[in-house]
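> The structure follows.
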Amino acid sequence: MSKYRLLRDRLVGSPTHRDDIFLEPPAATIDQLKLAHDSGYVERVVGGRLTEMELKRIGFPWSEAMVERSRRSSGATLAASRAALIESVAVNLAGGTHHAMTNAGEGYCVFNDAGVTVRTLLAERTIGRACVIDCDVHQGNGTAEILGRDLEVFTFSIHCAKNFPARKFPSHLDIDLLEGTEDTEYLNQLRYGIAQVLQHGPYDLAIYLAGADPYVGDRLGKLRLTKEGLRARDRLVLESLKTHRIPVAIAMAGGYAPDVNDIVDIHEATIEECKRIAR
């Protein structure tokens, strides 16, 4: 999607981010991918042997570039998480591929970056516990399916109930919102959800999916949050984690507003809030 390039271009060209460090992430290794995904599925993706039905479920055709992009998306969240453990906060300018499940991709998601990251860091014993805070407008079914039985992880998703995916795997905590939910109700529900997440801590790491698609103008969202409401959402999540001294890695997740500049505005605001709490 063009939003990723436009977001990076805007950040690189902004005096506000002159001192920020922009890195090209390494691709997640095959072994790292297999910590979250079935070996056969990973090998079919990498080898170009996905069936027509599997590709239809993912939503775009196979190519070597698709594989590389998907591996780097997971690698970027892993790299951001490693940086956050040192710096307290770090950002993947893409990621948030929360519909990818153990043995299948779905909804434009091939590999689940949060799943790969958490499983890798747990396997290394770099962390002992983690939480995933998913504020994309769509329920994080893949993350819930991959990490739902992991005692070391707490998954939370706040989303529009009557929206994709049709089959929702239960997170440890799901908050289902009515279509048309606006800023005040959303933030009240989120405040409750974050309190529940923190009660199940402590955590060594949080992964925050800061989707732009709850926006009022989003084509696939069905909620009615303003840009100001979305910034308040980010502030609530990030300040809560800072108060509890939980490092956080942020992924951009979805955004489908008709004007791509609206999406970039929302993601840029998320990064501005990250810089503010990191001071």
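The values are calculated or read from the model by the stated rules, or taken from the named source; none is laboratory data. Values in this document were obtained by computation on a predicted structure and should not be read as measured data. Because the Cβ atoms are built from the backbone with ideal geometry, glycine has one as well, and the counts that use them run over all protein chains shown.
> Residue 158 - would you say it is outside any loop (DSSP other than H, G, I, E, B) and either surrounded by fewer than 20 Cβ atoms within 10 Å (Cβ to Cβ) or of a type in the set (D, E, K, R) (or both)?
Against the criterion (outside any loop (DSSP other than H, G, I, E, B) and either surrounded by fewer than 20 Cβ atoms within 10 Å (Cβ to Cβ) or of a type in the set (D, E, K, R) (or both)), residue 158 does not qualify.
> Name the one entry in 224, 233 that is among the charged types (D, E, K, R), over 22 Å from residue 8 (Cβ atoms) and touching a helix residue (DSSP H, G or I) at 6+ places or on another chain (Cβ under 7 Å).
On inspection, the qualifying residue turns out to be 233.
> Okay, moving on. In the range 247-268, what residues are of a type in the set (A, V, I, L, M, F, W, C), assigned to a helix (DSSP H, G or I) and crowded, with 18+ Cβ neighbours inside 10 Å?
263, 264, 266, listed by residue number.
> So residue 193 clears everything in (1) over 24 Å from residue 82 (Cα atoms); (2) in contact with a helix residue (DSSP H, G or I) (Cβ under 6 Å, 6 or more places away or on another chain); (3) among the small types (Gly, Ala, Ser) except one condition, right? Which one?
With respect to (1) over 24 Å from residue 82 (Cα atoms); (2) in contact with a helix residue (DSSP H, G or I) (Cβ under 6 Å, 6 or more places away or on another chain); (3) among the small types (Gly, Ala, Ser), residue 193 is out only on (2).
Residue-wise test of (1) in a strand (DSSP E or B); (2) modelled with pLDDT of 95 or more; (3) under 15 Å from residue 249 (Cα atoms); (4) in contact with an Asp or Glu (Cβ under 6 Å, 6 or more places away or on another chain).
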site	(1), (2), (3), (4)
97	no, yes, yes, yes
111	no, yes, no, no
116	no, yes, yes, no
120	no, yes, yes, no
127	no, yes, yes, yes
132	yes, yes, yes, no
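> Sticking with this structure for a sec: List the helices (runs of 4 or more DSSP H) that sit entirely inside the range 39-92 and contain at least 3 residues that are surrounded by 13 or more Cβ atoms within 10 Å (Cβ to Cβ) and of a type in the set (A, V, I, L, M, F, W, C).
Counting at least 3 such residues, we get 39-47, 64-87.
> Which residues, counting only those in the range 14-30, are over 19 Å from the mean Cα position of the chain (by Cα) and aliphatic (A, V, I, L, M)?
Scanning the range 14-30 gives 21, 30.
> So which residues in the range 106-156 are polar (S, T, N, Q) and either touching a residue at least 40 places away in the same chain (Cβ under 8 Å) or under 17 Å from residue 76 (Cβ atoms) (or both)?
Scanning the range 106-156 gives 112, 117, 120, 126, 141, 143.
> Restricting to the range 15-55, name every residue that is over 28 Å from residue 149 (Cα atoms), in contact with a helix residue (DSSP H, G or I) (Cβ under 9 Å, 6 or more places away or on another chain), at pLDDT 95 or above and among the charged types (D, E, K, R).
49
> Those residues that are closer than 27 Å to residue 275 by Cβ and touching a Phe, Trp or Tyr at 6+ places or on another chain (Cβ under 9 Å), I need them from the range 97-121; list them, please.
97
> Does residue 185 satisfy being at pLDDT 95 or above, among the acidic types (Asp, Glu) and either part of a loop (DSSP other than H, G, I, E, B) or within 28 Å of residue 61 (Cβ to Cβ) (or both)?
So residue 185 fails the test.
> Kindly evaluate residue 209 against the criterion of being under 19 Å from the mean Cα position of the chain (by Cα), more than 20 Å from residue 100 (Cα to Cα) and not charged (D, E, K, R).
no
> May I pose another question? Out of all the residues in the range 221-230, is one or more crowded, with 17+ Cβ neighbours inside 10 Å, among the basic types (Lys, Arg) and more than 17 Å from the chain's Cα centre (by Cα)?
Yes, the range 221-230 contains at least one residue that is crowded, with 17+ Cβ neighbours inside 10 Å, among the basic types (Lys, Arg) and more than 17 Å from the chain's Cα centre (by Cα).
> Return the only residue of 56, 34, 3 being closer than 25 Å to residue 122 by Cβ and not aliphatic (A, V, I, L, M).
34
> Tell me yes or no: at least one residue of the range 232-244 is over 16 Å from the mean Cα position of the chain (by Cα), surrounded by fewer than 23 Cβ atoms within 10 Å (Cβ to Cβ), among the polar types (S, T, N, Q) and not in a loop (DSSP other than H, G, I, E, B).
Yes, some residue in the range 232-244 is over 16 Å from the mean Cα position of the chain (by Cα), surrounded by fewer than 23 Cβ atoms within 10 Å (Cβ to Cβ), among the polar types (S, T, N, Q) and not in a loop (DSSP other than H, G, I, E, B).
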